[in-house]
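Step one of this worksheet: look at the structure below.
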Amino acid sequence: SMSATYGHPATEALVATLAGTEHDTGLDILKLENIAAYFREVRKKYHAFEGQLKGYDSRILVAQVPGGMLTNLEGQLKQQNAADKL
């Protein structure tokens, strides 16, 4: 999928987590997986543009920092040979 790293968790992860609870979304997890599989292939085409952050960093969600702001900051740090400061 196109989520994670600088963005929010994948929809299918949230749907699976809430399944069977009072907050069940009612969304079809199999349909979501098909959509996610499609976007995993799309994402491969843009791999060169991905930042260094891999996986989730809950601090992004807690601080409510927009993902675009982080990618811009990362790009600026790379230009100054200071990417390790991220």
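No value in this document is a laboratory result; all are computed from the given coordinates. Here the structure is a predicted model, which means the values were calculated and not measured. When we count neighbours, we look across all protein chains shown, and the Cβ atoms used for this are built from the backbone with ideal geometry, even at glycine.
FRET efficiency for ASP57 and THR11, Cβ-Cβ distance as r, R0 = 25 Å, nearest 0.05?
In this case the efficiency is close to 0.85.
Obtain the nm distance between the two label points defined at LYS44 and THR25 by a simple spin-label model: each point lies 7 Å from its Cα along the Cα-to-C-beta direction.
For the pair LYS44/THR25, the computed spacing is 2.5 nm.
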